[in-house]
């Protein structure tokens, strides 16, 4: 299982002061994907590092895994796997997961040869591989809420095994979601797998870390994905995780903030504002200068999202201390919604930018800070490299999330 790099990290958005006026083609258009251009907005983290630099492993373990997968001589693969485990324990080498996998695959291959089983054997083999991993620290066994250290200390490389560690201490990664891809026997390609993992993982982060302001600036989203080889054996699982963009720093403490740690009022507020964040994640890569139609369509989606957000904020029975500040936030959201609706109908690029400029002017974080303070949520907008006063989750000094 490996982590190919996504096209670019996404970033929940947050309010900031306007930066205009700007000449055509140089407007600070919000850019959750961090595409090249003069956009002042940051993705959730400081950048994306793929999990693609393999750590040294025991050579006998590699041979055992290869023989186990190919099932040429499963008996030899089993023996080599056992030998590799002994060497790893004695020498402190890496590759335990590979040795276990090789032994398991070889054992199953030998059993299949003897029993003459055909048809669904591949899926059974891969299931045995994963079952073995659950008892041996395999990367495939990671579950939501677990924290781990990578053998190389880096979230880069092909992941054969990991070491689970308590989230309270320093660790390399924290799993926040997992899902299965669909597809036939043929591997859909790195691009398809990456695009699917990228879109789903960035969306799923809101279910685990609902308060984007509580996520440190240097945290980004990473993921483990199937390889072409594991796909052939039935592997379809994508594991989504948080990691520090500064590999030497790592993470400390769990980033989880959801129904386990938040009260009903906090959850209601965050669900409302995350409707807007989800819409911001769908921002087109091209600026209005390059694709006005796509920008107008996105503005329409933003208008619909803010209508829903304002309705959720107004409908909830807030406690007395939060009622007034949340009502102010809902009013600000409604004002932005009207400008997004006008931007969706813009006749030309200049008109689109005029409405967007008004949206920026309506997006100061002051009201959100007051409401968050009343609800006991994080009150410091995440920083941005351009020193804007906004901030979304992570480093996004964006425009809008409240």
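See the values below:
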item	result
Residue order, fewest to most surrounding Cβ atoms within 10 angstrom, among 332, 237, 146	237, 146, 332
Isotropically averaged projected area of the range 264-375, using the convex hull of Cα atoms (one quarter of hull area), nm²	6.4
Ascending count of other beta-carbon atoms within 10 Å, so fewest first, for 362, 306, 285	285, 362, 306
Residues 217, 289 arranged by fewest to most Cβ contacts within 10 Å	289, 217
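Just so you know, all these numbers are worked out from the coordinates, no wet-lab data involved. Every value quoted in this text rests on a predicted model; they were computed, and no experiment measured them. Using ideal geometry, Cβ is built from the backbone for each residue, glycine included, and neighbour counts are taken over all protein chains shown.
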